[in-house]
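K.L.:
Sharing a structure with you now.
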Amino acid sequence: MRATKFFHILTALALVMGWVGTAVGAATIKIGVAGAHSGDLASYGLPTLKAAQLVVKDVNAKGGVNGTPLELLVEDDVCKPEIATNTATKLVSAGVKAVIGHICSGATKAALPIYRDAKVLVISPSATTPSLTQSGDYPNFYRTIAADNTQARTLVDFAVGTLKVQKIAVLHDKGDYGKGLAEYAKTFIEQSGQAEVVLFEGITPGAVDYSAVVQKIKRSGAEAVLFGGYHPEASKIVGQMRQKRLTTLFVSDDGVKDDTFIKVAGKDAEGVYATGPADVSANPITKAYRERYKKAEGTDPGAFFDNAVAATLALTNAMVKAGSAEPEAVAQALRGNEVATPFGNIKFDAKGEPVGIGFTIYQVRNGQFVQVH
Amino acid sequence: MEYFIELLFSGLTRGSIYALIALGYTMVYGIIGLINFAHGEMYMIGAFTALIVSTVLSIYGLPLPAILILTALAAAVWAGAYGFTVERLAYRPLRNSPRLTPLISAIGMSIFLQNYVLLAQTADFQPFPALIPEFAFLEPYAAIIGATDLAILIVSALVMIALTLGIKCTRIGKAMRATAQDRKMALLVGINVDRIISLTFVVGSALAAIGGLLIASHIGQTNVFIGFIAGIKAFTAAVLGGIGSIPGAVLGSFVLGLTEAFATGYVSSDYEDVFAFSLLVLILIFRPAGLLGKATVEKV
């Protein structure tokens with residue numbers, strides 16, 4: 001007991017000294033790093049911290065922004081919305097110009113109004129909830145990860161734009177992931193005005209037979225089936241479609257872009273389209289940062305590391321381009337300039353979504369997923 | 001009209017799949033009054049055995065009909081052995097306990113078998129070879145009925161007839177009925193009740209294994225968890241038809257399969273299960289013993 005108390009006092013002292021330190025060293029541009037650095041989800045947040053440190057070190061070595069070095073202020077929100085508001089208030093009162101984070105969508109959403117009111121730029125490597133950008137409520141928010149509905153967007157753009165199908169049957173497995181995707185896809189198809197949803201159905205996962213649904217697809221006259229769900233159901237449905245001599249195109253998500261799908265569906269898998277993240281492991285920037293992480297930590301970088309490197313690169317690059325850390329100038333630079341990241345060259349659209357990070361389309365050809373789009 | 005016929009055949013296929021599993025359920029229940037929750041696992045074990053045996057046999061380059069027959073035999077024998085062992089280990093020691101005890105034991109056995117196969121084999125989905133060839137004469141009707149659909153329909157009809165006749169006309173069948181009616185009395189007239197019960201389990205499990213083979217080649221894949229949902233649906237079908245009654249299990253399966261197919265076809269597959277289970281509730285309200293079940297008076 002006594003020992004813990006002693007530690008508490010020490011920590012408190014350290015914190016106070018820390019604040020004093022930041023208050024004195026005013027000749028830096030402060031960037032906050034907020035996310036889960038302890039607790040259950042620390043593995044989501046810590047790689048981002050490392051990524052930010054690596055990139056900021058590089059920028060400072062090159063002279064920082066207009067000669068002013070960058071300084072990182074690290075705050076832990078344990079991915080909890082109620083703590084994230086405190087984290088945000090702390091960072092804002094410490095005078096940060098921008099924040100890398102937060103990690104979880106819930107925490108990000110809770111913190112965003114505070115940053116917005118203080119005119120602080122926020123760039124998250126991992127918060128995927130669509131409304132964060134698309135609601136328009138947070139013009140100060142950017143992210144370097146594809147939103148949850150990006151995949152549906154990619155699928156619909158491909159089906160309507162590239163495959164030019166006009167009648168689409170949208171199926172899902174009634175699960176969070178599959179149904180969410182299917183609902184977005186349905187909305188996007190209807191918005192496109194070039195195709196119609198002729199069937200929207202949830203199937204029961206694990207059923208012994210899907211022939212009734214297959215007959216329904218046939219009757220609907222769909223030219224393509226868009227399926228939201230995972231590979232076990234996808235392979236059963238495709239198999240039964242082909243058994244019933246139905247040659248309708250089959251387009252699905254990254255739950256299907258799995259080698260098990262090809263193994264199980266066999267020859268029926270041929271020609272099936274599925275979305276998946278583009279493979280970036282050959283990109284020199286990705287390679288360089290992953291290797292530096294490995295050298296420092298001894299393990300492979302964890303979740304969202306590439307996204308965090310991209311976020312920090314985009315932010316610091318925009319600051320350098322703008323020649324200042326003032327949010328308005330930086331925001332303009334973020335939207336107006338492409339920046340080289342682990343995902344290739346990216347920039348941001350008016351809503352803060354990354355252009356250049358997202359999904360690509362694969363097709364099964366000769367028993368392998370081949371990138372086609 | 002064409003759509004109606006297509007859905008009709010979808011329903012019949014589904015119904016006959018349920019029937020293959022429901023027959024074993026209802027038989028065991030009819031003889032010893034136990035709902036054998038491990039029955040779905042026998043179906044899964046049958047599918048796995050068939051997968052392994054057929055893979056090995058096709059390496060030796062045997063013709064497809066020979067592979068099919070040998071695989072079916074192997075799956076039936078192997079699952080039968082499992083059925084025998086499960087009864088010995090999990091149910092026989094509890095024969096004279098309260099009714100709930102063997103039920104819990106059955107659930108435990110089901111979980112055990114699932115995890116045992118998961119550890120011994122794999123948790124992944126496995127592709128299942130098409131053991132039933134495409135028939136040329138079916139090609140014009142391929143959009144309505146496939147080779148496996150037809151095979152499943154025929155096999156479940158044959159099994160139902162064989163079981164009904166076997167139980168009605170053979171000596172063993174007579175002993176089974178006697179055991180079902182009054183176990184103590186059957187013992188008194190010299191029937192080896194233990195052996196009859198063992199036999200019931202072996203036959204029930206072998207049937208489930210044949211079902212596993214046919215259904216896995218119908219959907220082209222297998223996995224350690226397939227027994228669970230199939231088991232629940234088949235159990236529902238058996239209750240619907242009147243648990244303990246063999247024609248009842250088949251009738252119940254078809255009613256369930258057709259309801260699901262038409263609900264999917266004319267309403268939405270989102271509500272497939274809602275329709276299936278609403279039907280179950282309705283039938284049990286008006287006929288508590290199921291469609292063909294006999295209302296029995298509990299002996300006190």
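K.L.:
Which are the unpartnered cysteines of the protein assembly as shown, meaning those with no other cysteine Cβ under 4.7 Å from their Cβ?
P.N.:
By the Cβ distance rule, which asks for a partner under 4.7 Å, the isolated cysteines are B:CYS169.
K.L.:
I've got another one for you. Only Lys, Arg, Asp and Glu count, each charged at its Cβ (+1, +1, -1, -1), so figure out the dipole size of the protein assembly as shown about its Cα centre, rounded to 20 debye.
P.N.:
1480
K.L.:
Restricting things to alpha carbons, find the Rg to Rh ratio for the stretch A:150-271 using the Kirkwood radius for Rh.
P.N.:
0.92
K.L.:
Under 16 Å from a label point 7 Å along Cα→Cβ of B:PHE286: give me every residue in the stretch B:241-280 with its amide N that close.
P.N.:
Backbone N within reach: B:241-242, B:252, B:255-256, B:259, B:276-280.
K.L.:
Using Cα pairs under 8 angstrom and six or more residues apart, how large is the relative contact order of the stretch A:150-271, in percent?
P.N.:
Numbers: 201 pairs, mean separation 33.5, N = 122.
Taking the mean separation of contacting Cα pairs over the length of the stretch A:150-271, I get 27 percent.
K.L.:
Find, to one decimal place in angstroms, the Kirkwood hydrodynamic radius of chain B, where the mean of 1/r is taken over every pair of different Cα atoms and then inverted.
P.N.:
Computed over chain B, the radius equals 19.7 Å.
K.L.:
Another question, if that's okay. So if I average 1/r over every pair of distinct C-alpha atoms in chain A and take the inverse, what Kirkwood radius in Å does that give?
P.N.:
So the Kirkwood estimate lands at 22.4 Å.
K.L.:
Cross-link partners among lysines for A:LYS244, C-alpha distance below 27 Å, same-chain residues fewer than 8 apart left out?
P.N.:
Result set, ordered by chain and number: A:LYS164, A:LYS167, A:LYS174, A:LYS179, A:LYS186, A:LYS216, A:LYS218, A:LYS236, A:LYS257, A:LYS263, A:LYS267, B:LYS233.
K.L.:
Could you name the lysines whose alpha carbon sits less than 16 Å from that of B:LYS174, not counting residues in the same chain fewer than 8 places away?
P.N.:
B:LYS184
K.L.:
Stick to the Cα atoms of the protein assembly as shown, pair each with every other, and give me the Kirkwood hydrodynamic radius in Å at one decimal.
P.N.:
28.7
K.L.:
Share of antiparallel DSSP beta bridges in chain A, in percent to the nearest 5? List each step's numbers first, then the result.
P.N.:
On the way: 15 of 48 bridges.
Given both bridge residues lie in chain A, the antiparallel proportion sits at roughly 30 percent.
K.L.:
Also, quick follow-up: How far apart, in nanometres, would the label points at B:ILE154 and B:MET1 be if each is projected 7 angstrom from Cα along the Cα-to-Cβ direction?
P.N.:
Label-label distance for B:ILE154 and B:MET1, simple model: 2.8 nm.
K.L.:
Tabulate in residue order the Karplus-calculated ³J(HN,Hα) for the stretch A:138-143, using 6.51 cos²θ - 1.76 cosθ + 1.60 with θ = phi - 60°, rounded to whole Hz; enter x for Gly and Pro.
P.N.:
After applying 6.51 cos²θ - 1.76 cosθ + 1.60, I find 10, x, 8, 9, 10, 8 Hz.
K.L.:
Right, another one. Within the stretch B:79-113, whose backbone N sits under 20 Å from a point 7 Å along Cα→Cβ of B:ASP194?
P.N.:
Within reach of a label on B:ASP194: B:81-98, B:102.
K.L.:
To two decimal places, what compactness ratio does the stretch A:213-286 give when its Cα radius of gyration is scaled by 2.2 N^0.38 Å? Walk me through the numbers before you get to the answer.
P.N.:
Numbers: Rg = 14.1 Å, N = 74, 2.2 N^0.38 = 11.3 Å.
Here the answer is 1.25, to two decimals.
K.L.:
Please give the residues of the stretch B:70-85, grouped as numeric ranges, whose backbone N is less than 11 Å from a label point set 7 Å along the Cα-to-Cβ vector of B:LEU62.
P.N.:
Only B:70-75 fall inside the zone, counting backbone N under 11 Å.
K.L.:
Right, here's the next one. Per residue, how much space in cubic angstrom lies within the convex hull of the C-alpha atoms of the stretch A:317-373?
P.N.:
About 78 Å³ per residue, rounded to a whole number.
K.L.:
In terms of Cα to Cα distance under 20 Å, which lysines are near enough to A:LYS321, apart from those fewer than 8 places away along the same chain?
P.N.:
Filter leaves A:LYS30, A:LYS57, A:LYS62, A:LYS97, A:LYS119, A:LYS347.
Every number here is computed from the coordinates shown, using simple stated rules; none is lab data. Because the structure is predicted, anything quoted here is derived from the model rather than measured. Cβ coordinates were reconstructed from backbone atoms using ideal geometry, including for glycine residues, and neighbour counts include every protein chain displayed.
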